[in-house]
Amino acid sequence: MAEEGRGRRRRDRDDEDNEFTDKLVHINRVAKVVKGGRRFGFAALVVVGDQKGRVGFGHGKAREVPEAIRKATESAKRTLIRVPLREGRTLHHDVAGRHGAGKVFLRAAPAGTGIIAGGPMRAVFETLGVQDIVAKSLGSSNPYNMVRATFDALKEQDSPRSVAARRGMKVSELQARRRDADSDAVATAAADEAAAAPEVEAAGA
């Protein structure tokens, strides 16, 4: 009976491992100075996600590369966060994130855009399950800072359902307000453009 329970737990753990995709973002050789010289090891930064809205990152150090990656992967699975995605492919709204000297700006994108992002940020979006996004790193290019800044931005992501619940509104009412605001902005921009046209013609004359 005990063996059957252990076998079931092992199968559940294997299923959970198969559910996640992991990507090695960065590996660094580190040295520890000890009596008699330097002892070398490796530090790994890994991003893990289920490609359905959950993602996490972890850091691990060991004497060998595979062990460092294993430790980082285990650490990443313990720090998973859930990010609401629009239509399961992009963000609900634009957002900025920061960690130390690392600054990032993430923008939602229409279908077919793809992932326009560099190195460490691309790994985060691929494991998260984002298909369309435009991201820009504005600060440090250190992969640790970039990944942490990206997670800081993702934690600020809100879905219409949670915003509506917070305001005591219906989702349809909230989305109707957003459409009205967008149409007002378009109308204002068109009016400004029409008003500026005569001035341009007068200047040309």
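The values are calculated or read from the model by the stated rules, or taken from the named source; none is laboratory data. Computed from a predicted structure; not experimentally measured. Neighbour counts run over all protein chains shown; Cβ positions are idealised from the backbone, glycine included. Accessible surface areas use protein heavy atoms only, side chains included; no ligands, DNA or RNA. Shrake-Rupley method; radii C 1.70, N 1.55, O 1.52, S 1.80 Å.
Observations on the structure shown:
- Unmet criterion (only one of (1) within 13 Å of the chain's Cα centre (by Cα); (2) modelled with pLDDT under 90) for G88: (1)
- K32 over 23 Å from A123 (Cβ atoms), open to solvent by 80 Å² or more (accessible area, probe 1.4 Å) and not aliphatic (A, V, I, L, M): yes
- Checking each residue in the range 44-59 for being in contact with a Phe, Trp or Tyr (Cβ under 7 Å, 6 or more places away or on another chain) and either loosely packed, with under 15 Cβ neighbours inside 10 Å or not aliphatic (A, V, I, L, M) (or both) picks out G49, D50, F57.
- Taking the range 60-74 as the range and being closer than 29 Å to G88 by Cα and surrounded by 18 or more Cβ atoms within 10 Å (Cβ to Cβ) as the test, the residues that pass are I69, A72, T73.
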